[in-house]
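Shown next, in structure tokens, is the structure this report addresses.
Taken together, the values in this text are just the output of simple stated rules run on the coordinates, not laboratory data. Because the structure is predicted, anything quoted here is derived from the model rather than measured.
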């Protein structure tokens, strides 16, 4: 997975607060995140969604990851301002590559990836590494867990990969180019 360039980082970070508000509202309307859940966010950017979900859903643990160290620096700064000090102890920022997640199998109740999966490959329109990223998300997600994502690219191929691997799809919302999906992992190993 490659790091974002300056231009991409600028546009992603510029409207993070507004996007995170919309995404959090969509999650509350479409997904039943269990109380005290353990959550993993892939591609957290500046941490805006992480903060909003920690503040509203009150998970037991929320690990916000990004591969780009500059994004994590910006997230640390942004969260320090938001909380006027360190973030809540349930919120952890961590550098991680979605192709090699450094977490044990079945360690999260919820995995979130908002406009991140297409970054698995060096070129956005290249699907070749996306299945590997999906496999890693699947590996760390507990049976019966939720995979919440939005994607601009590879929408049909991602949904097919998920259903082929025992996920049920619900809560689909389509916008101009963006598709947001709630996928529930089978509670029984397939």
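A few notes on this one:
- Candidates 159, 77, 32: whichever shows maximal mean-square fluctuation once the chain is modelled as a Gaussian network with Cα springs under 10 Å: 32
- Gyration tensor (alpha-carbon) shape descriptor, the stretch 22-77, a/c threshold 1.5: prolate
- Counted residue by residue at 0.36 nm each, then reduced by the alpha carbon distance between them, the extension gain from residue 84 to residue 35 reaches 15.1 nm.
- The chain: calculated mean residue ellipticity at 222 nm from DSSP helix runs of at least 4, using -39500 (n - 2.57): -11500 deg cm²/dmol
- The value for the stretch 6-184 of Rg(Cα) / (2.2 N^0.38 Å) is 0.95.
- The stretch 102-149 versus the stretch 19-51: alpha-carbon centroid distance in Å: 15
- Remark: relative contact order (the chain) = 19 percent; criterion is Cα-Cα distance under 8 angstrom and separation of 6 or more residues.
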